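What follows is a single structure, written as structure tokens, with notes after it.
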Ligand code: ZN
Ligand code: CU
């Protein structure tokens, strides 16, 4: 048999959370055709992978890449980490279905300005992704805040029955067109006034599709356990798997509580499919939120519409220069973006290491001075946390970014190295892989990522994009997400 591609002598970490084993892998017409000792096979392209790990391409379970996959389809921040699929539409904000009356409300502005929102129906977005053919595959959630902004003239109240009906119709239309599920961002002012019942009613649309509910909790500060309860209630009501987004203990007063949070997650998991995602840093980033302005920890301004010259500077330094309080300084900078150094490293590590957590970057591609997670999240887990700190074995690190995610999100034939699966692959050097991006120089490609294949085609090598972009839109994978049927 003659194949398109043979990767020989690789150490295979197949994504299923089992240890590495040596083998050759043959790829043909976009798929993994054979795995084993393929000494007598030949291929148009042959690679000796000795000493390096071949893993499934990483799935970035938490992104805000909605519009960038179309506007900058090279997707260098992601493909350079070994990411081959991004899930967009998190935290209640999505590029579609959206019809804006004016400027996008906070935090939808994280996805771009008004001109970026040109997808009134989910099917428009799906077609635009396929037409742009980004370097990575794209799967999408529908944002609750996006639906609210379509149908409500005032986001600072709960929705009226007629508005809920209109949102449900749009959500159903999107699920029929291949959306993965519904996301909320209940902590943000633009969704905080939504009562639980509003979300419960929307979530009812998920049931028939076996679609997911993901949530940026109503609070990540002191009332975080109550917020988790609310999320689980919504998921159980809709018989819908729940993913808690970027689980964390935010704010100095909340540090050290990760064992409680993880216990609550485990308890919920006993009778319902629940999981969480997290990014491997003790600092968060989003729009500048006056409620989070504090002198208890450092805050860096990443962008500011009225004062772009202060991008990359600490809030306290700007405040000193202006002789204003932190709060007044923040007001003057808005609309703006920030990095908050508001987590404890021990909490981050405990959540990262938990078997129910998946890796997501939560990177913000529009930010001129982005949190380094945009370029570094995945290699940081492989290098810093797995190899250097020994927080978990390398095959577990890979599982958290591949097989676990594909199962939870029902991404069909992705996330594992198995015969018949799509050939989304990453070849990396386990000794050298590391994140280079940091808080001072956040836009730098990782080291040690030697080759990335998307749908069987080499797409990144030698620090550069290669060949023609191969990503496609991935509709919800037909049927229930794995893990739910076992409870029903
Ligand atoms: Zn979020
Ligand atoms: Cu997010």
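Since every read-out is calculated from the coordinates, none of them should be taken as a lab result. Remember, predicted model here, so these are calculated numbers, not experimental data. With ideal geometry, Cβ positions are generated from the backbone for all residues, glycine too; neighbour counts draw on all protein chains shown.
Between residue 131 and residue 173, the distance separating the two model label sites (each 7 Å from Cα on the Cα→Cβ line) works out to 1.8 nm.
Pull out the extension gain between residue 345 and residue 438, defined as 0.36 nm times the separation in residues minus the alpha carbon to alpha carbon distance; nm, one decimal.
Numbers: separation 93, 0.36 × 93 = 33.48 nm, distance 1.59 nm.
Extra length from residue 345 to residue 438 when fully extended: 31.9 nm.
From its DSSP helices (H runs of at least four residues, each -39,500 (n - 2.57)), the chain gives a residue-normalised ellipticity at 222 nm of -7500 deg cm²/dmol.
Once the Cβ-Cβ distance of residue 153 and residue 332 is raised to the sixth power relative to R0 = 22 Å, the FRET efficiency obtained is 0.20.
Packing around the peptides 427-433, 363-369, taken as the average count of other Cβ atoms within 10 Å per residue, puts them in this order, highest first: 363-369, 427-433. One decimal place: the segment residue 226-residue 48 gains 58.8 nm when fully extended, by the rule 0.36 nm per residue minus the C-alpha distance. For residue 429 and residue 71, a Förster radius of 30 Å and the Cβ-Cβ distance give a FRET efficiency of 0.40, rounded to the nearest 0.05.
Packing order of peptides 160-168, 345-353, 143-151, highest average first: 143-151, 345-353, 160-168 (average count of other Cβ atoms within 10 Å over each peptide's residues). Just check the range 284-341 against the gyration tensor rule for me: Cα atoms, a ≥ b ≥ c as the square roots of the eigenvalues, rounded for a/c under 1.5, and otherwise prolate or oblate depending on whether a/b exceeds b/c. Verdict is rounded for the range 284-341.
Against the chain, whose longest principal axis comes from its Cα atoms, helix 161-176 is set at around 10 degrees.
Using the beta-carbon distance between residue 207 and residue 321 and R0 = 56 Å, what value does 1/(1 + (r/R0)^6) give for FRET efficiency, to the nearest 0.05?
Working: r = 54 Å, r/R0 = 0.97.
E(calc), rounded to 0.05, equals 0.55.
Protection proxy ranking of 449-458, 33-42, by the mean of other Cβ atoms within 10 Å over each peptide's residues and highest first, is 449-458, 33-42. Once the Cα-Cα distance is subtracted from the 0.36 nm per residue extended length, the residue 462 to residue 314 segment shows a gain of 49.8 nm. Rounded, prolate or oblate: pick one for the range 364-488, where a ≥ b ≥ c are the square roots of the eigenvalues of its C-alpha gyration tensor, a/c under 1.5 means rounded, and failing that, prolate if a/b is larger than b/c, else oblate. Prolate.
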